[in-house]
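Trainee: Provided herewith is a single structure, encoded as structure tokens, for subsequent inquiry.
Bear in mind that the values in this text are calculations on the coordinates, not laboratory data. Remember, it's a predicted structure, so these values are computed and weren't measured experimentally. For neighbour counting, all protein chains shown are included, and Cβ atoms are generated from backbone atoms with ideal geometry for every residue, glycine included.
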Amino acid sequence: MARRAAFVAARPLITPEGVDLRVRLADAGTRASAFLLDVVIISTAAVVITIVALFGLRGLGEHELQPLFIVWIILIFLLRNAYFIAFEAGRRAATPGKLIVGIRVASRSGAGLTIDQVIARNLMREIEIFLPLSILAGRGGAGVADTLTTIFGLVWALLFALFPIFNRDRLRIGDLLAGTWVVEVPKLALVEDLSLRQDPVADGFHFSPAQLDAYGIAELHKLEEVLRRDDYFALRAVAETIGRKIGAAPQAPDSRAFLTAYYGELRAHLERKLLLGNRKADKHAR
Amino acid sequence: MTMQAGTNAVRQSLASFRQEREADWKAFEALLARVEKRAPRALSEEELLSLPLLYRSALSSLSVARATSLDNALVSYLESLCLRGYFYLYGARRGLRQRIADFFLHDWPHAIRDLWRETLVSVGLTAIGAGAGYWLVASDKGWYDAIIAPGLAGGRNPDSSAEMLRSVLYDGASSEFLSSFAAYLFTHNTQVAILAFALGFAFAVPSVLLILMNGCMLGAIFQIYAAKGLGFELGGWLSIHGTTEIFAIALAGAAGIRIGTRIAFPGELPRMAAAAQAGRVAATAMVGVVVMLLFAGLLEGIGRQTITSDGVRYAIGGGMLALWSAYFYLFRLVRHG
């Protein structure tokens, strides 16, 4: 938990228009799951290609073997080497696995991602993943995988696999050499404005300025999160805590309405302060 | 009571801010979703022109929302929308045909020229390796098995007869697997080249060793042929594809050496920037290496087994070498007069 808190994911990205878009770097877990998804896709494709090739072999007979073999060997080669490059050089700069978890590759400089960057970052995968695997597989297949080789392979693999955890920007070796990083590009939908929510019960609540001064923006955002999640027990616990702090005691079934009303008034109160030049960051701020 | 009125006014104006701009955001989102899926051609001219306008309006909305609104969901939505728009509009996007043309006309020869120093070192290392391999096998036959794995040697060793060695050079045209052999050679050599490149990361040491070893193998096999007076014939057999292949592997090694040395000695740039710069040049060179290996695989898999005249073999090998050198180092002169 402490480590996660230490990792600050936001990085400045100033557009030519002068707005800071604050990109968020993808964390190691997200990237690992994206990579695993890609591995599953690649291996499924490889198995399917091989099965089709084997069936084709039976149907076509011996003399058709050669073209089939060429196609097979080239397709497997492309899957291993071109899969990542082709997808990341595409319009969305993400492999299917990355697309599913909502991340993409971007240039660290903020300029457009170029194809040579994509190639550089993916060729390095060869020593990060495939080399230790093939050493282990080769040794294991030949029955000469001694302890030392296995340990060496594992240490190598771990060294590279864990490399992103040991630097500030979560860079792989390939990212480092290509000048890229992997950022989150969530597709968020525009959701309703909570302060415009019509609730007859909520209209019954009114709060004094002293009650509204109890909290700041950080708490407001937490409250927004709770309201959007709309979990009965969470709402009740939060309503009780707020009620105790500001000296109001809402009935248990009313907690959602109470919080909606408090959220609306608190937000308007803080937004008014904001307009007047006072960004009240949290409850400790004046 | 003035405070209550003021609060309500703020609430009203923020609600109308969102109401007025919402249509633009939605339109931008819909357009983005379309261009991200399909080529920009799918849009009408009018829609295409409206993209940057909608992007700037979304950016300005984001600035306003950050300064005035405390609706976290709204700010996050605008941030993600602007980020998508930014990546789309500022990602320099050229057509595929344009990119391919640029690569062959400019990027590839430029990257190879940029690596000239490393290329010289790499070729030199191959020559040193070859010399060492030749000398070692000449002084003690036992070295041959140590340098070339028995599986690769194909039964050729220092004790083979001259007829046996000769048969390897000129037979094999009957094989049906020529083109699949070519495909296999191509994928195998490419994997080796990528390794030589990627290993450069470890301060170039593994790349140097790999290139030296490659040279050693050349020298060793050359020695056993030269000892039987078949040196000239082996030269033809090797050079038909070897000029392209050995040049390509030397270039891959050069790319690896560039990365390793730039990480070790970044010069005036910060280490990270130097590494990124070297990585990009080297990656471009590597794509070229893959193209060269494709040619080498075709020449080796098909040409070598069907063309058995020494003269023609030397001519093709020399011609390919001249072609590559001219393309990399002289082409620019032709284009710029």
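Trainee: Taking amide H positions as placed in the peptide plane 1.01 Å from N, state which residues far from B:LEU70 in sequence (5 or more) or on other chains have amide H under 5 Å from it.
Mentor: Long-range HN contacts for B:LEU70: none found.
Trainee: Rounded to the nearest 500, what is the 222 nm mean residue ellipticity of the protein assembly as shown from helices alone, with -39500 (n - 2.57) per DSSP H run of 4+ residues and division by all residues?
Mentor: Result for the protein assembly as shown, helices only: -22500 deg cm²/dmol.
Trainee: Which of rounded, prolate or oblate describes the stretch A:194-275 when judged by the alpha-carbon gyration tensor and an a/c cut-off of 1.5?
Mentor: rounded
Trainee: For the stretch A:230-239, what does the Karplus curve 6.51 cos²θ - 1.76 cosθ + 1.60, with θ = phi - 60°, yield as ³J(HN,Hα) per residue in whole Hz, taken in order and with x for Gly and Pro?
Mentor: Taking θ as phi minus 60°, the curve returns 6, 9, 3, 5, 5, 4, 5, 4, 5, 4 Hz for the stretch A:230-239.
Trainee: Let a ≥ b ≥ c be the square roots of the eigenvalues of the Cα gyration tensor of the stretch B:205-251; is it rounded (a/c under 1.5), or, if not, prolate (a/b larger than b/c) or oblate?
Mentor: oblate
Trainee: Right, next: For the pairs A:LYS187/B:LYS26; A:LYS187/A:LYS280; A:LYS283/B:LYS26; A:LYS222/A:LYS245; A:LYS245/A:LYS273; A:LYS98/A:LYS187, flag any whose C-alpha to C-alpha distance is greater than 23 Å.
Mentor: A:LYS187/A:LYS280; A:LYS283/B:LYS26
Trainee: I've got another one for you. Please state the shape class of chain B: rounded when a/c is under 1.5, otherwise prolate if a/b exceeds b/c and oblate if not, all from the C-alpha gyration tensor.
Mentor: It comes out prolate by the Cα gyration axes.
Trainee: Moving on. Tell me, what ³J(HN,Hα) does each residue in the stretch B:101-106 have, in order and in whole Hz, if you take phi through Karplus 6.51 cos²θ - 1.76 cosθ + 1.60 with θ = phi - 60° and put x for Gly and Pro?
Mentor: Per-residue couplings from phi come out as 4, 4, 4, 6, 7, 10 Hz.
Trainee: A follow-up question, please. If amide hydrogens are placed 1.01 Å from N in the peptide plane, which non-local residues have theirs closer than 5 Å to the one on A:ARG22?
Mentor: Answer set, sorted by chain and number: A:LEU13.
Trainee: Considering every residue in B:4-11, what mean count of other chain Cβ atoms within 10 Å of its Cβ is obtained?
Mentor: Per-residue shielding by partner chains comes out at 6.
Trainee: Each label point is 7 Å from the Cα along the Cα-to-Cβ direction; what then is the distance between the points at B:ALA146 and B:VAL205, in nm?
Mentor: 2.1 nm
Trainee: Counting other beta carbons within 10 Å of each Cβ, put A:VAL52, B:VAL123 in order, fewest first.
Mentor: Ranked by crowding around the Cβ, least crowded first: A:VAL52, B:VAL123.
Trainee: FRET efficiency for A:ALA45 and B:ALA15, Cβ-Cβ distance as r, R0 = 41 Å, nearest 0.05?
Mentor: E between A:ALA45 and B:ALA15, to the nearest 0.05, is 0.20.
Trainee: Provide a whole-number value for the mean count of partner chain Cβ atoms within 10 Å of the Cβ atoms in peptide A:261-268.
Mentor: Counting other chains' Cβ atoms within 10 Å and averaging over A:261-268 gives 3.
Trainee: Take chain B, connect every pair of alpha-carbon atoms lying under 10 Å apart with a spring to form a Gaussian network, then pick out the residue of B:ALA252, B:ALA196, B:ALA65 with the largest mean-square fluctuation.
Mentor: B:ALA65
Trainee: Okay, moving on. Residue by residue through the stretch B:67-78, which ³J(HN,Hα) values in whole Hz follow from phi under the Karplus form 6.51 cos²θ - 1.76 cosθ + 1.60 (θ = phi - 60°), with glycine and proline marked x?
Mentor: 7, 10, 9, 10, 7, 4, 4, 5, 5, 4, 4, 5
Trainee: Right, here's the next one. With r as the distance between the Cβ atoms of A:PHE152 and B:ALA127 and R0 = 41 Å, compute the FRET efficiency 1/(1 + (r/R0)^6) and round to 0.05.
Mentor: After rounding to 0.05, the efficiency reads 0.80.
Trainee: Something else: Would you grab the residues whose amide H sits under 5 Å from the one on A:ILE103? Only those 5+ places off in sequence or on another chain, please, with H modelled 1.01 Å from N.
Mentor: Counting only residues 5 or more places away or on other chains, the set is A:VAL185.
Trainee: Find the relative contact order for chain B and round it to a whole percent, using C-alpha pairs within less than 8 Å whose residues are 6+ positions apart. Let's see the in-between values first.
Mentor: Working: 350 pairs, mean separation 70.6, N = 337.
Computed value for chain B: 21 percent relative contact order.
Trainee: Continuing with this model, one more query. Output the peptides B:233-245, B:129-141 sorted from most to least packed, where packing is the average of other Cβ atoms within 10 Å over each peptide's residues.
Mentor: Ranked from most to least packed, the peptides come out as B:233-245, B:129-141.
Trainee: Could you put A:ARG197, A:ARG125 in order, starting from the residue whose Cβ has the fewest other Cβ atoms within 10 Å? Don't skip to the end; give the middle numbers.
Mentor: Working: A:ARG197 15, A:ARG125 21.
The most exposed by this proxy come first: A:ARG197, A:ARG125.
Trainee: Can you compute the charge dipole magnitude of the stretch B:16-93 about its Cα centre, using +1 on each Lys and Arg Cβ and -1 on each Asp and Glu Cβ, nothing else charged? Give it in debye, rounded to the nearest 20.
Mentor: Dipole size: approximately 260 debye.
Trainee: Given B:LEU74, B:LEU115, B:LEU14, which one lies farthest toward the positive end of the charge dipole of the stretch B:12-117, if we put +1 on the Cβ of every Lys and Arg and -1 on the Cβ of every Asp and Glu?
Mentor: Checked the options; the winner is B:LEU115.
Trainee: Grab the beta carbon distance between A:ARG229 and B:ALA5, set R0 = 41 Å, and tell me the FRET efficiency rounded to 0.05.
Mentor: Computed FRET efficiency for A:ARG229 and B:ALA5: 0.80.
Trainee: Quickly work out the B:MET164-to-A:ASP199 label distance, labels modelled 7 Å from Cα along the C-beta direction, and quote it in nm with one decimal.
Mentor: 9.0 nm
Trainee: Please rank B:GLU118, B:GLU20, fewest neighbouring Cβ atoms within 10 Å first, as an exposure proxy.
Mentor: Placing the least packed residue first, the sequence is B:GLU20, B:GLU118.
Trainee: Let me ask you something else. Can you give the average number of partner chain beta-carbon atoms within 10 Å of each beta-carbon in peptide A:14-26, as a whole number? Let's see the in-between values first.
Mentor: Values: counts 0, 9, 3, 7, 2, 10, 4, 10, 3, 4, 3, 0, 0.
Average per residue, whole number: 4.
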